[in-house]
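Rule-based calculations on the coordinates, nothing more; no lab input. Note that the structure is a prediction, hence the values are computed from the model and not measured. Virtual Cβ from ideal backbone geometry, glycine too; neighbours counted across all protein chains shown.
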Amino acid sequence: MYRRTLIGLLATTAMTATLVVGTAATVAPQATADVGAAVVTITYSDARAGEFKDAVAQGVAVWNANVTSVRIQKAASGQRADVQVIADPGWPRATLGPVRPGGSGTVWYGREAVADGYNLVRIASHEFGHILGLPDIKPGPCSSLMSGSTGGVSCTNVNPNASERNRVQSIYANGFAPTATNTVVIG
Ligand SMILES: [Zn+2]
């Protein structure tokens, strides 16, 4: 895609590696069947999110509206947060989760994509998709949240599609078995 050839290659490499791992996981298609199960709560801090605090809050709200097995809450002042959101001059990127309660993840909210004109809330919900364990699915259509920038600069869809929603629902269902990961996904 466009001018970020190196980044695109890196992202593709990361995606391929992740998909190999991902194929071992079974995706439960019925999100509603998990209603009533234990809800996993992870916290985030926007103390370093600069001018993107509102976009981050909206991106988090997207996930809270789309899945029931995990809830993302803003950490109280002085409380340790599982996820740090940091405004950054580069391209947006994030830890590839799933981040667990007490775990550690980072979203770098890159101003480069903002300067290019990408939707602010979609950037946030996409990067939190990584935090929740979703790899990039690139290239892809605007209807896919994890298609990221390949959905087009004019794409304003902030919501995961059914497949993306169900995968996160499944990852955090029934208490969540944590998997350590320190991979950073670019884009
Ligand atoms: Zn991405």
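Å³ per residue of the Cα convex hull, for region 104-187?
87 Å³
Find how much the distance from residue 61 to residue 86 grows on full extension, using 0.36 nm per residue of separation minus their present alpha carbon separation; answer in nm with one decimal.
This chain segment gains 7.2 nm when fully extended.
Return the sequence-ordered ³J(HN,Hα) values of region 95-111 in whole Hz as given by the Karplus equation 6.51 cos²θ - 1.76 cosθ + 1.60 applied to θ = phi - 60°, using x for Gly and Pro.
For region 95-111, the Karplus curve yields 5, 7, x, x, 6, 9, x, x, x, 8, x, 9, 10, 9, 7, x, 6 Hz.
Cα centroid distance between region 37-85 and region 87-119, in Å?
13 Å
Would you list 167, 100, 80 from fewest to most Cβ contacts within 10 Å?
Lowest count first: 80, 100, 167.
What is the fewest-to-most order of 63, 91 by other Cβ atoms lying within 10 Å of their Cβ?
Ordered from fewest to most neighbouring Cβ atoms within 10 Å, 63, 91 come out as 91, 63.
What is the set of long-range amide H partners of residue 152 at a cut-off below 5 Å, with H atoms built 1.01 Å from backbone N?
Close amide H contacts, sequence-distant or interchain: none at all.
Shape of region 35-161 from its Cα gyration tensor (a ≥ b ≥ c, root eigenvalues): rounded if a/c is under 1.5, otherwise prolate when a/b > b/c, or oblate?
Judged from the Cα gyration tensor, region 35-161 comes out oblate (a/c at least 1.5, b/c at or above a/b).
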